Every structure is written in C-alpha cells, then in structure tokens.
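No lab work stands behind these numbers, since they all come straight from the coordinates. The model shown is predicted, which means the values in this text are computed figures rather than measured ones. Neighbour counts are summed over all protein chains in view; Cβ atoms, including those assigned to glycine, are modelled from backbone coordinates with ideal geometry.
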C-alpha cells in the first residue's frame with residue numbers, strides 16, 4: 001500500500017505541474033494556483049510517507065485522485081492533439097474508430113445457439 005500511495009501522489013503532482021505550465025489546459029489563474037498548491041502538497045506528503053516508510057491508510061483517496069488526474073490529462077492531450085493534428089493522436093483515433101475486421105477471418109452468417 002505504501003508504494004501505491006507514493007505512485008499515486010507522484011502521478012498527481014506530475015499531472016498538476018503539467019497543467020500549471022501547459023498552454024493546452026484552458027484554465028484560469030485560480031485553477032493554476034490551485035493545481036500548483038496540490039502539486040506542492042503531494043510532494044510534501046510524498047516526503048512524509050517516505051520518511052515514515054509506512055502508508056497512512058489514504059491509498060484509496062490517492063488512487064482516486066490519480067485516476068482523475070490521468071483522465072483529465074488524457075482528455076486535454078486528446079483534444080489538444082486533435083486540434084494541432086498530432087500524428088500519434090490521429091493514429092490512435094484511426095485505429096479505434098476506423099478499423100475493420102478482415103472479411104475472411106470470421107463467418108458473417110448469423111449463428112443460432114440452441
């Protein structure tokens with residue numbers, strides 16, 4: 001649980017710092033200040049957990065915040081990448097939405113299970 005807490009806090013601090021310094025995330029000054037404070041708070045908490053060498057029982061909270069941070073960052077990256085024409089984002093979109101099943105791979109006839 002200790003390593004999960006540390007990993008989640010590192011993810012949150014990196015995502016917040018990325019949001020503070022990125023022009024892709026359209027936020028206002030208070031949001032940037034808030035993300036900076038969260039990043040600093042995560043770094044302080046990481047230091048405390050590191051020194052204590054034990055989890056504080058808030059691993060579910062940290063994991064939830066990390067998942068939220070990853071989801072927000074991915075949404076910003078995809079939106080910004082599509083608007084800028086980033087090749088990797090367009091390739092992933094094409095792979096997800098335009099892929100076809102090879103005609104000779106599967107039987108196209110309807111099957112009735114008894």
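Remarks
- Unmet requirement for residue 42, which otherwise passes all of (1) closer than 30 Å to residue 83 by Cα; (2) surrounded by 14 or more Cβ atoms within 10 Å (Cβ to Cβ): (1)
- Residue that is more than 25 Å from residue 83 (Cα to Cα) and part of a helix (DSSP H, G or I), where the choices are 17, 7: 7
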